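Trainee: This is the structure I want to talk about, given as structure tokens.
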Amino acid sequence: MATTTSANLIVPEVWADAVGPTILGRAVIAQFAEVDDQLVGQPGETVIFPKFDYIGDADDLTENVAMTPTTLTMTDSRATIKEAGKALELTDNATLQALGSPNSEGQRQLGLSVARKIDKDLRVAAEVTETGEDSFGNAKTWAPLKVAAANLPMSWGRLVQGIALLGDEYDPADMAGIIVHSVQYAQLLVDPLFTDVSKFGADATILRGQVGKIGNMPVIVSDRATAVADVDPGAGTVAGYNALLIRKGALALKYKRRPIVETDRDILKRTNLITTNVHYAVKRVDDRGVVIIPTNGVVPTPVAA
């Protein structure tokens with residue numbers, strides 16, 4: 001007769017099938033990134049992300065005079081492939097006797113842990129300023145756009161300052177959305193131009209973490225937001241957060257290996273070890289596709305009805 005032990009209840013393939021979708025289902029910022037498996041099977045630990053330079057506006061032409069060809073140039077920046085993971089250890093007693101389902105909860109939390117890590121790395125990539133040389137030896141600085149710091153809450157007016165930095169490149173249809181901290185979300189709730197998700201129609205498309213829209217752009221809440229110690233230098237320390245206005249295709253997430261789940265059995269302690277790990281690289285591939293909008297962290301006072 002076959003005997004079922006707690007070890008039989010931890011099946012790596014089952015866990016992997018549960019953890020993988022949880023990661024993509026819980027990663028809020030990652031849904032704004034171009035995701036692919038281009039690195040799978042490729043050697044090396046560094047990824048080159050190319051960026052094409054604008055060739056300039058068209059020239060005036062004169063009849064019967066030849067045009068002067070313009071060289072299409074490109075710069076590139078690099079990212080190091082990262083490995084992230086998390087481990088759990090479940091005792092036999094926890095697996096067999098605990099209320100609820102330790103297996104299901106373990107799967108959920110492993111997926112959530114990795115999803116939040118990827119989101120955090122994508123935010124860092126979105127905000128980072130880098131200096132170095134491209135493949136042609138040219139000195140380069142790669143930086144996102146940024147609104148000047150001010151002791152102001154998140155609002156349509158503050159967002160307009162970010163939109164202004166895009167000039168005639170701004171098109172709401174091209175914008176993936178706005179990432180805000182939960183405190184900034186509370187600030188938006190008192191803005192008359194903000195539309196709460198509860199007012200959307202039944203057929204509306206709602207993104208993960210979306211709480212509403214403003215300026216016809218999705219507003220997404222993620223507390224992976226960067227906290228800033230001083231949003232108004234010279235006027236005293238006022239804690240706040242950076243909101244991000246992100247254009248479609250501005251961020252990239254490339255998997256070297258999608259999440260896997262592995263297990264091991266400690267027969268002396270009578271526990272099961274479960275780990276998950278993922279290999280990936282993240283990068284901002286469009287410097288004018290991310291606008292940082294610093295705001296204060298003041299929670300608005302509700303107005304009495």
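Trainee: For an R0 of 45 angstrom, estimate the FRET efficiency from the Cβ-Cβ distance between residue 229 and residue 60 and round to the nearest 0.05.
Mentor: The calculated FRET efficiency here is 0.35.
Trainee: Beyond a 31 Å Cα-Cα separation, which of these cross-linked pairs lie in this structure: 199/256; 199/283; 86/283; 82/140; 120/269; 86/213?
Mentor: Numbers: 199/256 40 Å; 199/283 35 Å; 86/283 23 Å; 82/140 24 Å; 120/269 35 Å; 86/213 34 Å.
With Cα atoms farther than 31 Å apart: 199/256; 199/283; 120/269; 86/213.
Trainee: Continuing with the same structure: Quick one: pull the percentage of alpha-carbon pairs in segment 259-305 with a separation above 12 Å.
Mentor: Result: 81 percent of Cα pairs exceed 12 Å.
Trainee: Bin width 5 Å, origin at 0, all Cα-Cα pairs of segment 194-298: what percent of pairs per bin?
Mentor: 2, 9, 11, 13, 14, 14, 12, 9, 7, 5, 3, 1, 0
Trainee: Neighbouring Cβ atoms within 10 Å as the yardstick, rank 113, 182, 104 fewest first.
Mentor: 104, 182, 113
Trainee: What FRET efficiency do you get for residue 239 and residue 269 if R0 is 30 Å and r is their Cβ-Cβ distance, rounded to the nearest 0.05?
Mentor: Efficiency for this residue pair is about 0.10.
Trainee: Taking just the alpha-carbon atoms of segment 145-250, what radius of gyration and Dmax come out, in angstrom?
Mentor: Looking at segment 145-250, its Cα Rg and Dmax stand at 13.9, 48 Å.
Trainee: May I pose another question? Along the Cα→Cβ direction, 7 angstrom out, place labels at residue 130 and residue 108. What is the inter-label distance in nm?
Mentor: Simple spin-label model gives 3.7 nm for this pair.
Trainee: Could you list 67, 217, 154, 175 in order of exposure, starting from the residue whose Cβ has the fewest other Cβ atoms within 10 Å? Don't skip to the end; give the middle numbers.
Mentor: On the way: 67 9, 217 18, 154 28, 175 22.
Ranking 67, 217, 154, 175 by Cβ neighbours within 10 Å, fewest first, gives 67, 217, 175, 154.
A short reminder: the numbers here are calculations on the coordinates, not readings from a lab. Since we're looking at a predicted model, the values are computed, not measured. All Cβ positions, glycine included, derive from the backbone under ideal geometry; neighbour counts span all protein chains shown.
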